[in-house]
Amino acid sequence: MAVQLGGNYAAYRFRPECTWVTGTNAGELRSDGYGSCVGLVLYSGAPRKIGVVAHFSGSMQAPQVRNDALEIMAAVCPIAPGRKWRGWVFGGVSLNGSSSHQTMLGNGSSLTHTRVLVDTVRGVLEFNRMFDVNFNITNMERFNFTTQGVFTEMTLRQGGNYVGHQGVKLDLASGRVTWDDLNHGSGNSKANKMINSMF
């Protein structure tokens, strides 16, 4: 069962669970500490401007991740024809070759396991017809997302690109997503920001 937390921070609690937060209209939702974990960001613009940030523990198994993703979607997305959503699915820094996060699990490396969990969340978003994620992106938006280097998180095709981030922030008023791509081993920082021009 996904654990909805109060406030604006989806904390990683070092156990096999999903934590998530939601909000509307104003403020910021965030989460960090993505090593071998998986993150999900959802945003729907005006008039309600609702957002979600979820943190799936890397120690979860795919069936539990699928059920929790469905539970989150059911909670925030009542049937509302015409509502447009954006979704970003990403893994943690283990996907970027961080050896400290690529520990061995019973079923293989955390790198492989993280990819499976990313695909599980992608599959939930892609096949739920009542949750029209990314369906109405215009060609101009696609171009903008691609040139900003952040379109890959919105690709819901399983087996596609796997992107790793340390943390994420979602601005509820603007729909802006900011990734924490700090390379904590070297001290070098790279920030990718995306402004959702649709809203």
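No value in this document is a laboratory result; all are computed from the given coordinates. Only a predicted model underlies this, so the values are computations on that prediction, with no experimental measurement involved. Cβ sites come from the backbone with ideal geometry, for glycine too, and all protein chains shown count toward neighbours.
Data overview
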item: Directionally averaged shadow of the stretch 1-45, computed from the convex hull of its alpha-carbon atoms, nm²; result: 3.5
item: Size of electric dipole in the stretch 1-84: Cβ of Lys, Arg +1 and of Asp, Glu -1, about Cα centre, debye, nearest 20; result: 240
item: Value of Rg/Rh across the stretch 1-80 [Cα atoms, Kirkwood radius]; result: 0.96
